[in-house]
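First up is the structure itself, then whatever we jot down about it.
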Amino acid sequence: MTDRALVVVRAGALTTVQDRGRPGHAHLGVPRSGALDAPAAALVNRLVGNAPDAAVLETTLNGCAVRPRSAVVVAVGGAPCPVTVGGRPAAWGAPVVVAAGELLEVGAARSGVRSYVAVSGGVAVEPVLGSRSTDLLSGLGPAPLADGTVLPLGTPVGPHARVDVVPQPSPPAELVLRVTLGPRAGWFTEDAVRAFTSRAYRVSSASNRIGLRTEGPALERARTGELPSEGMVLGAVQVPPDGRPVVFLADHPTTGGYPVIAVVRAADLPAAAQAVPGIPVRFVAVRRR
């Protein structure tokens, strides 16, 4: 076996392999998937000299620990967290050299939810439909990491960045999501639409890669019955029977029968990936561009 590999020592709560996803397969029932905080994943790839589509590790809340079989350059970004190499403190948000056999420990997020770990050469698991991403809904791609998993690495394509540290956005203390109302806003009462765009919600602990669930005022329907299943897009705000909005994220289903009251601007979704349970959520209506 090649020594270009990572051995997972501690998998953490949920660590998956992610890249830019597999767009273009919704007609087959396959969502895009990919890194929830795409800018953070792209940044750590740049720091280690990887191509933009190289696969990285996405951790959830309590990080992970890995041991490379050969010397590699790594960078950790996204949710701020402690980083150690061989038991010694190492930089977060900057390229770090890890010798063969040394333990890279990515600690629990100090704020935010998801940290990203890029390794020079990228994680080189077998792609499925053109992507190495783990899709929790469809089951495509590699399984979530487990202790003892061995991940092959690709060949480095360029030198790592020569920086001490780079600025990254802080995880939100309040999540503000700009939305375009529709296509099914008419299925709700005027009071419900007003409440949706003026009242405060909170991030639910039931949120995951499929959707950000909210707690707050239930939205009352103006129409009864259910829709035939129709296509769902990234950022769609679907309202299930309990009336609490759900923002669809990367692993969302490609069809659904609950009405979509609005769609979140794509630029606001990376912040949703870092929104911890309990923080306020506001939906702000904006006009179509």
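The values are calculated or read from the model by the stated rules, or taken from the named source; none is laboratory data. If you're wondering where the values come from, they're calculated on a predicted model, not measured in any experiment. Here the Cβ is made from the backbone with ideal geometry for all residues, glycine too, and neighbour counts use every protein chain on show. For accessibility, only protein heavy atoms count, side chains too; no ligands or nucleic acids. Shrake-Rupley method; radii C 1.70, N 1.55, O 1.52, S 1.80 Å.
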Evaluate the stretch 135-146: report whether one residue or more is within 17 Å of S70 (Cα to Cα), open to solvent by 20 Å² or more (accessible area, probe 1.4 Å), in contact with a Lys or Arg (Cβ under 9 Å, 6 or more places away or on another chain) and assigned to a loop (DSSP other than H, G, I, E, B).
no
Is it fair to say A250 is more than 13 Å from V179 (Cα to Cα) and surrounded by 20 or more Cβ atoms within 10 Å (Cβ to Cβ)?
yes
Quick one: which strands (runs of 3 or more DSSP E) lie wholly within the stretch 90-134 and hold at least 3 residues that are surrounded by 18 or more Cβ atoms within 10 Å (Cβ to Cβ)?
104-106, 115-119
Check the stretch 40-51 and report whether any residue there is among the β-branched types (V, I, T) and at pLDDT 95 or above.
yes
Looking at the stretch 147-158, which of the residues that are under 21 Å from G63 (Cβ atoms) and either of a type in the set (A, V, I, L, M) or touching a Pro at 6+ places or on another chain (Cβ under 8 Å) (or both) is surrounded by the fewest Cβ atoms within 10 Å (Cβ to Cβ)?
V150
Output the number of residues of the stretch 5-39 satisfying the condition of being open to solvent by 10 Å² or more (accessible area, probe 1.4 Å) and either modelled with pLDDT of 95 or more or within 19 Å of P270 (Cβ to Cβ) (or both).
16
V125 vs. criteria on the phi < 0 side of the Ramachandran plot and out of contact with any Pro (no Cβ under 6 Å at 6 or more places or on another chain)
no
Would you mind finding the one in A173, A185, A161 that is open to solvent by 50 Å² or more (accessible area, probe 1.4 Å) and either in contact (Cβ under 8 Å) with a residue 24 or more places away in the chain or of a type in the set (D, E) (or both)?
A173
So which residues in the stretch 257-267 are open to solvent by 10 Å² or more (accessible area, probe 1.4 Å) and out of contact with any Leu (no Cβ under 6 Å at 6 or more places or on another chain)?
Y258, V263, R265, A266, A267
Filter pass, T180 being assigned to a strand (DSSP E or B) and farther than 24 Å from R22 by Cα
yes
Being touching a residue at least 24 places away in the same chain (Cβ under 8 Å) and within 15 Å of the chain's Cα centre (by Cα) narrows it down to one residue among V30, V66, V56, V48; which is it?
V56
Tell me yes or no: at least one residue of the stretch 224-234 is under 18 Å from A192 (Cβ atoms) and at pLDDT 95 or above.
no
Return yes when S207 is of a type in the set (S, T, Y) and under 30 Å from N50 (Cβ atoms) and no when it is not.
yes
Qualifying strands (runs of 3 or more DSSP E) (wholly inside the stretch 196-289; at least 2 residues being touching a residue at least 60 places away in the same chain (Cβ under 8 Å) and out of contact with any strand residue (DSSP E or B) (no Cβ under 6 Å at 6 or more places or on another chain)):
none
